[in-house]
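J.: Below is one structure. I have some questions about it.
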Amino acid sequence: MRDYLNRDGKIRFIFPIDGDCINVNDGYERDGMLCVKVIVKADGVKNLEINEKPATFNGENFELEMSFPYGRTTLVAKNTDNGEETAKIVVLRLKNATGIYRLSSDDNIIFLKDINDNKDTYTSIFDNPYLAVYKEAHDKYGANVQLNIHYECKEYANFSTDRGYFNLSMMTDKFKEEWEANSSWLRLSFHAKDVMPRMPYRNTTMTEISEDAKQIHAEIIRFAGEKTLCSNATTVHWGECTLDGVRGLRNIGVKGLFGYFYNRKATGEPSVSYHYPAYFVDYLRNRDFWYDTEEDVLFGRIDSVLNSLTLEGVIPKMESIKANPGNAGGLDIMIHEQFFYEDFSAYIPEFKEIVLTACKWAQENGYKGYYMEELMNW
């Protein structure tokens with residue numbers, strides 16, 4: 001298995017690492033360049049160069065301040081007393097990767113069924129009260145909203161009422177023009193085939209997940225238009241996916257994936273971290289973005305799950321994110337659809353207020369709505 005930190009390498013980069021996406025919070029800007037201190041560990045090495053410039057030994061590691069343009073930069077650290085001992089990484093400096101925020105929601109399908117059920121009475125998709133929350137977040141606070149949707153729902157777990165079967169092929173295309181008219185800020189993307197089972201792609205094949213995604217993509221285009229489809233970035237259901245699954249999604253154009261990237265306190269096992277190992281998840285949880293150089297996929301960290309917060313806890317949580325330089329550049333907040341409904345066992349009466357409070361804070365703190373595709377210019 002790949003060692004993402006090159007832990008056994010005689011020469012290894014401590015910061016940045018391979019695939020790191022650096023920004024101004026990692027250093028400072030000068031004349032259009034980003035100046036960052038590069039740190040390399042090289043036990044037993046007396047003289048080290050990084051990109052043919054001598055690094056300084058601080059008693060523990062070698063250091064060298066380097067200037068980075070936008071895009072990719074390859075760094076090569078070399079033992080100048082033994083030219084065969086080297087380490088090589090690729091670092092990205094993404095354009096427009098700071099002062100940005102994205103609001104996403106997982107497990108979406110109920111609101112689509114409601115729009116379909118009321119297609120003869122609704123004059124707008126925003127007559128749906130759930131979707132109206134996001135329109136208000138956009139209109140007032142500039143939110144860009146991404147709704148990750150299921151193809152179908154056979155079982156509405158933890159609901160007190162039976163809502164009936166629904167799948168995307170049943171969805172009306174009556175509002176297609178309105179969907180596309182709002183696609184600059186409201187987009188739909190693949191999440192999973194169904195709400196259940198839990199972690200459906202934890203052991204997936206390339207074909208299984210890619211076929212599920214293609215089915216959802218086709219339906220979104222049919223009823224909401226191609227502009228509404230976010231085909232290149234999403235959050236996989238439960239954020240669990242095999243390496244083959246990531247490759248399957250990449251094969252159909254998905255270049256960005258979001259996750260929580262944390263280790264469970266009880267077991268230490270990674271959660272909502274795709275296929276990445278625990279030692280590496282500890283690193284990813286403190287970075288806005290990381291680019292898998294071997295798989296050509298950009299990963300973004302979801303900073304806060306709003307349905308886990310009280311209304312009073314929203315602003316302190318946002319402030320704590322801003323205080324962490326590794327997470328402060330790109331603010332990613334998300335919620336789950338089911339918490340909006342009164343018949344859900346964990347219904348949140350303040351769902352709307354929580355969403356709007358987070359978005360208001362983001363705007364007041366200089367964050368602007370974005371989509372990951374805006375960063376994919378390396």
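The values are calculated or read from the model by the stated rules, or taken from the named source; none is laboratory data. Keep in mind that what you see is a predicted model, and the values were worked out from it rather than measured. Glycine also receives a Cβ, built like all others from the backbone with ideal geometry; neighbour counts cover every protein chain displayed. Remember, those area values only see protein heavy atoms, side chains included, never the ligands or the DNA or RNA. Shrake-Rupley method; radii C 1.70, N 1.55, O 1.52, S 1.80 Å.
J.: Would you mind stating whether G253 is within 21 Å of E373 (Cβ to Cβ), part of a loop (DSSP other than H, G, I, E, B) and either open to solvent by 60 Å² or more (accessible area, probe 1.4 Å) or not basic (K, R) (or both)?
T.: So G253 passes the test.
J.: Any chance you could count how many residues in segment 290-320 are acidic (D, E) and in contact with a strand residue (DSSP E or B) (Cβ under 8 Å, 6 or more places away or on another chain)? I'd like the intermediate steps shown before the answer.
T.: Step one: of segment 290-320, the residues acidic (D, E) are 292, 294-296, 303, 312, 319.
From what is left, the residues that are in contact with a strand residue (DSSP E or B) (Cβ under 8 Å, 6 or more places away or on another chain) are 292, 303.
So the count comes out to 2.
J.: Look at E342 and say whether it is of a type outside the set (A, V, I, L, M, F, W, C), assigned to a loop (DSSP other than H, G, I, E, B) and open to solvent by 10 Å² or more (accessible area, probe 1.4 Å).
T.: Yes; evaluated as a whole, the condition is true for this residue.
J.: Please specify each residue of segment 87-111 satisfying the condition of being more than 28 Å from Y28 (Cβ to Cβ) and assigned to a strand (DSSP E or B).
T.: L103, S104, S105, D106, D107, N108
J.: Give me a count of the residues in segment 303-314 that are open to solvent by less than 30 Å² (accessible area, probe 1.4 Å), free of Cβ contacts under 8 Å to residues at least 40 places away in the same chain and assigned to a helix (DSSP H, G or I).
T.: 1
J.: Moving to a separate point now. Return a yes/no flag: does segment 285-302 have any residue that is over 18 Å from R93 (Cβ atoms) and buried (at least 21 other Cβ atoms within 10 Å of the Cβ).
T.: no
J.: Under the condition of being open to solvent by less than 40 Å² (accessible area, probe 1.4 Å) and in a helix (DSSP H, G or I), which residue from segment 125-140 is farthest from G99 (Cα to Cα)?
T.: Per the criteria, the residue is I125.
J.: If we keep just the residues of segment 196-218 that are of a type in the set (K, R) and at pLDDT 95 or above, which is surrounded by the most Cβ atoms within 10 Å (Cβ to Cβ)?
T.: R202
J.: Determine whether segment 257-276 contains at least one residue that is within 15 Å of H191 (Cβ to Cβ), without any contact (Cβ under 8 Å) to a residue 24 or more places away in the chain, of a type in the set (D, E, K, R) and open to solvent by 10 Å² or more (accessible area, probe 1.4 Å).
T.: There is no residue in segment 257-276 that is within 15 Å of H191 (Cβ to Cβ), without any contact (Cβ under 8 Å) to a residue 24 or more places away in the chain, of a type in the set (D, E, K, R) and open to solvent by 10 Å² or more (accessible area, probe 1.4 Å).
J.: Could you please find all residues in segment 244-260 being more than 11 Å from the chain's Cα centre (by Cα) and of a type in the set (A, V, I, L, M, F, W, C)?
T.: Once the filter is applied, which keeps residues that are more than 11 Å from the chain's Cα centre (by Cα) and of a type in the set (A, V, I, L, M, F, W, C), segment 244-260 yields V246, L249, I252, V254.
J.: So, one more: Which ones in segment 1-40 are among the β-branched types (V, I, T), within 26 Å of the chain's Cα centre (by Cα) and open to solvent by less than 40 Å² (accessible area, probe 1.4 Å)?
T.: Those that are among the β-branched types (V, I, T), within 26 Å of the chain's Cα centre (by Cα) and open to solvent by less than 40 Å² (accessible area, probe 1.4 Å): I17, I22, V36, V38.
J.: Let me ask something else. What tally of residues in segment 193-215 results from selecting those that are charged (D, E, K, R), touching a Lys or Arg at 6+ places or on another chain (Cβ under 9 Å) and in a loop (DSSP other than H, G, I, E, B)?
T.: Within segment 193-215, residues that are charged (D, E, K, R), touching a Lys or Arg at 6+ places or on another chain (Cβ under 9 Å) and in a loop (DSSP other than H, G, I, E, B) number 0.
J.: Step by step: first the residues of segment 141-163, then only those that are in contact (Cβ under 8 Å) with a residue 40 or more places away in the chain and small (G, A, S), then the one that is most open to solvent (accessible area, probe 1.4 Å). Which residue is that?
T.: By that ranking, first place goes to S160.
J.: When the residues of segment 145-189 are narrowed to those that are among the basic types (K, R) and within 29 Å of A346 (Cα to Cα), which ends up modelled with the highest pLDDT?
T.: R187
J.: Moving to a separate point now. Considering (1) surrounded by 15 or more Cβ atoms within 10 Å (Cβ to Cβ); (2) more than 27 Å from I302 (Cβ to Cβ), say which one K193 fails and leave the rest.
T.: Unmet for K193, out of (1) surrounded by 15 or more Cβ atoms within 10 Å (Cβ to Cβ); (2) more than 27 Å from I302 (Cβ to Cβ): (2).
J.: Check M66 against each of (1) touching a Gly at 6+ places or on another chain (Cβ under 8 Å); (2) surrounded by 14 or more Cβ atoms within 10 Å (Cβ to Cβ); (3) assigned to a strand (DSSP E or B) and name the one condition it does not meet.
T.: It is condition (1) that M66 fails.
J.: Go through the residues of segment 91-107 one by one and say whether even a single one is under 30 Å from D343 (Cβ atoms), touching a residue at least 12 places away in the same chain (Cβ under 8 Å) and among the polar types (S, T, N, Q).
T.: yes
J.: For the structure I just gave you, tell me whether K322 is touching a helix residue (DSSP H, G or I) at 6+ places or on another chain (Cβ under 6 Å), open to solvent by 10 Å² or more (accessible area, probe 1.4 Å) and among the basic types (K, R). Full working, then the answer.
T.: On the way: touching a helix residue (DSSP H, G or I) at 6+ places or on another chain (Cβ under 6 Å): no; open to solvent by 10 Å² or more (accessible area, probe 1.4 Å): yes; among the basic types (K, R): yes.
No.
J.: Look at segment 346-377 and say how many of its residues are part of a loop (DSSP other than H, G, I, E, B) and open to solvent by less than 60 Å² (accessible area, probe 1.4 Å).
T.: Looking only at that region, the number is 8.
J.: Can you work out which of the residues in segment 151-192 that are outside any loop (DSSP other than H, G, I, E, B) and charged (D, E, K, R) is farthest from H138 (Cα to Cα)?
T.: By that ranking, first place goes to E152.
J.: While we're looking at this one, here's another question. Tell me which of these I89 doesn't satisfy, since it passes every other one: (1) modelled with pLDDT of 95 or more; (2) touching a Ser or Thr at 6+ places or on another chain (Cβ under 6 Å).
T.: I89 satisfies all of (1) modelled with pLDDT of 95 or more; (2) touching a Ser or Thr at 6+ places or on another chain (Cβ under 6 Å) except (2).
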